[in-house]
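**Student:** Attaching a single structure in structure tokens format; questions to follow.
Each value in this text was obtained by applying a stated rule to the coordinates, not by laboratory testing. Since the model is a prediction, treat every value here as computed from it, not as a measurement. A quick note on method: Cβ atoms are made from the backbone with ideal geometry, for glycine too, and the neighbour counts reach across all protein chains shown.
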Amino acid sequence: QGKAIELDLYFAMARGVSGRESGSGLPAMEMTKWFDTNYHYLVPELQPEQEFHLASRKPIEEFVEARRLGIVTRPVLIGPITYLLLGKCAGPQFDRLLLLDRILPVYEQALRELYVAGAQWFQIDEPVLATDLTDDVRSAMADCYERLRSAVPKASLMLASYFGPLGENLEMACRIPVAGLHIDLVYGRPQLGEVLSHLSEKAVLSLGVIDGRNVWRTDLDDALQLAWKAAERLGQDRVVIAPSCSLLHCPVDLDLETTLDAGLRPWFAFAKQKLQEVQVLRRAIVDGSVAVADELEASRKAWRDRQRSSLAQVAPVRARAESVTKDMLRRGSPFRQRRLAQHRSLNLPPLPTTTIGSYPQTKEVRAARAEFKAGRLAPEEYEGLLKSQIERAIRFQEDVGLDVLVHGEAERNDMVEYFGEQLTGVAFTQQGWVQSYGSRCVKPPIIYGDVSRLRPMTVGWSRYAQSLTRKPVKGMLTGPVTILQWSFVRNDQPRSVTCRQIALALRDEVADLEAAGIRIIQIDEPALREGLPLQRAEWKAYLEWAVECFRLASSGVRDETQIHTHMCYAEFNDIVTAIAAMDADVISIEAARSRLELLGAFVDFEYPNEIGPGVYDIHSPRVPGREEVVELLRRAQKVFPPDRLWVNPDCGLKTRDWPEVRASLKNMVDAARQIRRELSDACGT
Ligand code: GLN
Ligand code: ZN
């Protein structure tokens with residue numbers, strides 16, 4: 001209590017502790033995405049009697065360390081309101097704001113200690129300001145900052161918002177009596193005027209004019225226009241130039257890239273280059289734009305080139321995206337009719353069993369891929385290895401007794417990268433890593449131009465897999481929204497336009513798969529939900545185009561061809577209408593960990609199509625028992641018509657071992673068979 005936490009405890013919280021006996025040990029804390037970014041945080045668990053202590057001196061020690069080097073930094077703390085709102089109640093629900101009185105003393109202590117160590121300015125991040133807040137939260141926010149300010153009356157607080165406009169919280173945020181306010185003018189550009197007219201007297205305004213979470217070079221003329229406007233109104237002394245948010249979300253240094261297309265390079269700015277842009281803008285304001293004329297001209301030229309470049313603008317691709325018709329967004333017949341055709345053609349048993357796509361990726365495959373990419377393994381050899389993996393996966397699935405097979409995705413390192421590499425308008429970096437969580441980083445593709453497909457991307461593998469078996473093999477694609485969501489996306493046109501181009505490329509792939517004799521095609525959209533805008537008022541528009549893009553990708557097939565989709569997360573209630581509008585014939589969802597509670601959203605909505613609630617938690621090495629799966633399936637059939645139920649795991653099996661997957665799937669198949677017997681007994685057949 002009150003002691004500094006040790007590294008061991010920190011690791012235990014993040015990764016869990018495995019016990020010696022099964023069922024012992026401690027689970028890891030829940031991890032979830034930080035607002036609408038791909039960065040994750042551990043969700044604080046809160047109780048009504050929660051006590052808080054300053055348990056880490058990290059911010060203070062780091063401040064002191066920098067200061068010794070002669071640099072006085074501005075310590076950044078996550079704000080108390082955001083911290084509490086992002087936490088979850090460990091037990092029964094209660095009003096987390098009640099904890100404010102308990103947590104504020106810890107903030108006050110930290111601020112005071114930092115002040116004593118020499119800090120003059122503090123930045124306190126309240127990204128919840130970009131979300132919809134209740135009146136209670138808003139008034140708590142005002143009180144809270146009044147208190148923090150009096151803790152260090154001689155220092156200055158910068159209250160930072162980011163990831164979106166302040167929206168309904170604007171007036172409140174402007175009235176808070178702190179020394180400075182930071183606003184995001186990339187993801188909330190139009191708010192400047194209103195903020196300027198409400199900002200409290202003397203407060204400094206920090207202008208987030210440089211996109212902190214994307215890779216593009218700033219249009220400096222445009223940023224400067226905003227900065228001039230603010231400076232004119234407030235005076236230069238009250239204006240700060242900044243990135244829109246933390247630079248955690250973008251790659252570090254463009255200079256490290258040695259293989260980027262020379263035509264593209266001037267369009268980018270990574271973290272280091274963004275900081276140079278901040279300097280240029282500052283100098284333009286202080287010394288006038290002549291002082292940085294060269295830099296401004298370079299930015300202007302990059303933007304002009306980008307707008308005209310044939311790398312970014314491909315007329316036929318644009319024309320095709322513009323000529324999408326309503327008909328292209330609709331299947332030929334309604335679900336009921338398609339269903340009959342599909343049942344006739346596929347002839348599957350009730351409660352068909354299947355898997356989500358990937359099978360264990362062995363070290364051997366990953367090593368071979370690395371060799372192949374480095375040019376040290378001949379293409380024929382790599383292809384031969386992948387074919388043997390596919391054959392292994394098919395034989396394995398036949399052995400286990402699954403009804404609908406998959407090819408196993410051995411050729412894919414990552415479900416987005418694999419497609420990105422085969423689409424035009426998409427670039428890859430060598431060192432463009434961004435943190436995902438802990439020490440885990442990802443290197444997202446960069447969508448810089450019009451997207452199209454040059455040739456079939458998956459058809460060869462699917463056709464080969466299907467040639468090995470009489471059972472249907474599902475084609476396996478990543479959906480347009482997920483490709484968009486897990487990439488850096490061009491900022492010179494709406495995301496919906498880029499998404500539509502991806503959807504058209506996938507539509508062609510779907511058509512080719514169908515023509516190659518693939519009767520079931522799954523289009524994964526695990527990222528659909530995380531694309532939801534932070535403010536509810538914008539949900540409708542987003543869901544409309546997202547659903548439309550899925551339909552564009554999936555609707556060009558005959559009635560007989562069965563379209564699946566897959567999503568894995570823990571919250572479906574608020575998007576189930578949109579999911580139904582996607583009109584996939586079958587959806588598989590994650591549900592095992594919640595013991596099928598998640599199915600509730602589909603039951604309440606009376607979801608009209610077929611559904612496979614996950615009955616096997618693939619995140620754990622634990623093998624689910626047959627009885628356990630039987631129990632889950634019995635539960636499922638009580639609430640959902642059994643003739644529209646599928647049986648499958650929660651998600652892909654890429655990260656698991658073969659022996660464990662065999663045991664688990666065997667139990668899953670046995671369980672499905674038992675339920676089928678019970679069903680046919682009940683019908684007296
Ligand atoms: N088809 C993918 C797989 O099985 C789906 C992965 C996902 O939903 N994240 O690996
Ligand atoms: Zn999944």
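**Student:** Averaging over every viewing direction, what projected area does the convex hull of the Cα atoms of the range 540-672 cover, in nm²?
**Tutor:** Averaged projected hull area, Cα only: 8.5 nm².
**Student:** Packing-wise, with mean Cβ within 10 Å as the measure, how do 414-426, 29-41 rank, highest first?
**Tutor:** Ranked from most to least packed, the peptides come out as 414-426, 29-41.
**Student:** Between Q307 and E194, what is the spin-label point distance in nm, taking each point 7 Å from the Cα along the Cα→C-beta axis?
**Tutor:** 2.8 nm
**Student:** Restricting the count to DSSP beta bridges whose residues both fall in the chain, what percent are antiparallel, rounded to a multiple of 5? Don't skip to the end; give the middle numbers.
**Tutor:** Working: 12 of 62 bridges.
Among the beta bridges of the chain, antiparallel pairing accounts for roughly 20 percent.
**Student:** Report the calculated FRET efficiency for D327 and D132 (r = Cβ-Cβ distance, R0 = 51 Å), to the nearest 0.05.
**Tutor:** Step by step, r from the Cβ atoms, then E = 0.90.
**Student:** Return the FRET efficiency for the residue pair T362, V290: r is the Cβ-Cβ distance, R0 is 45 Å, and the value is rounded to the nearest 0.05.
**Tutor:** About 0.15, to the nearest 0.05.
**Student:** Return the distance in nm (one decimal) between the two label points of a simple spin-label model at T32 and R635, each offset 7 Å from Cα along Cα→Cβ.
**Tutor:** 2.1 nm
**Student:** Taking just the C-alpha trace of the range 100-248, give me its Rg and Dmax in Å.
**Tutor:** According to the Cα coordinates of the range 100-248, Rg and Dmax are 15.3, 47 Å.
**Student:** Hey, with R₀ at 60 Å, roughly what FRET efficiency would E660 and L69 work out to, going by the Cβ-Cβ distance, to 0.05? Mind dumping the intermediate values first?
**Tutor:** Numbers: r = 50 Å, r/R0 = 0.84.
The calculated FRET efficiency here is 0.75.
**Student:** What is the list of residues in the range 324-340 whose amide nitrogen lies under 18 Å from a point 7 angstrom out from the Cα of E606, following Cα to Cβ?
**Tutor:** 335-337
**Student:** Oh, and also: Based on the alpha-carbon gyration tensor of the range 359-508 and its eigenvalue square roots a ≥ b ≥ c, which shape applies: rounded if a/c is under 1.5, prolate if not and a/b is larger than b/c, or oblate?
**Tutor:** The shape class here is prolate.
**Student:** Okay, moving on. In deg cm²/dmol, rounded to 500, what helix-only [θ] at 222 nm does the chain give when every DSSP H run of at least 4 residues adds -39500 (n - 2.57) and the total is split over its residues?
**Tutor:** -13000 deg cm²/dmol
**Student:** Continuing with this model, one more query. What are the semi-axes of the equivalent ellipsoid of the range 520-595, taken as the square roots of 5 times the eigenvalues of the Cα gyration tensor, listed largest first and rounded to whole Å?
**Tutor:** For the range 520-595, the ellipsoid semi-axes come out as 21, 17, 9 Å.
**Student:** Separate question: So in the range 173-281, what percent of DSSP beta bridges are antiparallel if you round to the nearest 5? If you can, show how the numbers build up before the last one.
**Tutor:** Numbers: 1 of 11 bridges.
Close to 10 percent.
**Student:** Which net charge results for the neighbourhood of Y464, defined as the other residues with beta-carbon distances under 11 angstrom from its beta-carbon, given Lys and Arg at +1 and Asp and Glu at -1?
**Tutor:** -1
**Student:** Still on this structure, I have one more. Take peptides 661-668, 301-308, 159-166 and line them up by average Cβ neighbours within 10 Å, highest first, as a rough protection proxy.
**Tutor:** Top of the packing list down: 159-166, 661-668, 301-308.
**Student:** Under the rule a/c < 1.5 gives rounded, and otherwise a/b versus b/c splits prolate from oblate, where does the range 315-446 land using the Cα gyration tensor?
**Tutor:** oblate
**Student:** Report the full-extension gain for the segment A570 to Q337: residue separation times 0.36 nm, less the Cα-Cα distance, to one decimal in nm.
**Tutor:** Length difference between fully extended and current span is 80.8 nm.
**Student:** Now, a different point. Percent of alpha carbon pairs in the range 237-371 separated by more than 26 Å?
**Tutor:** 62 percent
**Student:** When the scattering of the range 246-311 is computed by the Debye formula from its Cα atoms alone, each counted once and equally, what is log10 I(q)/I(0) at q = 0.15, 0.27, 0.29 Å⁻¹?
**Tutor:** Debye curve over Cα of the range 246-311, log10 I(q)/I(0) at q = 0.15, 0.27, 0.29 Å⁻¹: -0.57, -1.16, -1.19.
**Student:** Continuing with this model, one more query. Peptides 535-545, 108-118: what's the order by average Cβ count within 10 Å, highest mean first?
**Tutor:** My ranking of the peptides, most packed first, is 108-118, 535-545.
**Student:** Mind pulling the per residue volume of the convex hull built on the Cα atoms of the range 419-503? Å³ is fine.
**Tutor:** 132 Å³
**Student:** If you place +1 on the Cβ of every Lys and Arg, -1 on the Cβ of every Asp and Glu, and leave all else neutral, what size is the dipole of the chain about its Cα centre, to the nearest 20 Debye?
**Tutor:** On the way: 86 positive and 93 negative charges, 210 e Å.
Rounded to the nearest 20 debye, it is 1000 debye.
**Student:** Another question, then. Expressed as cubic angstrom per residue, what is the convex hull volume of the alpha carbon set of the chain?
**Tutor:** Once divided by residue count, the hull of the chain is 177 Å³.
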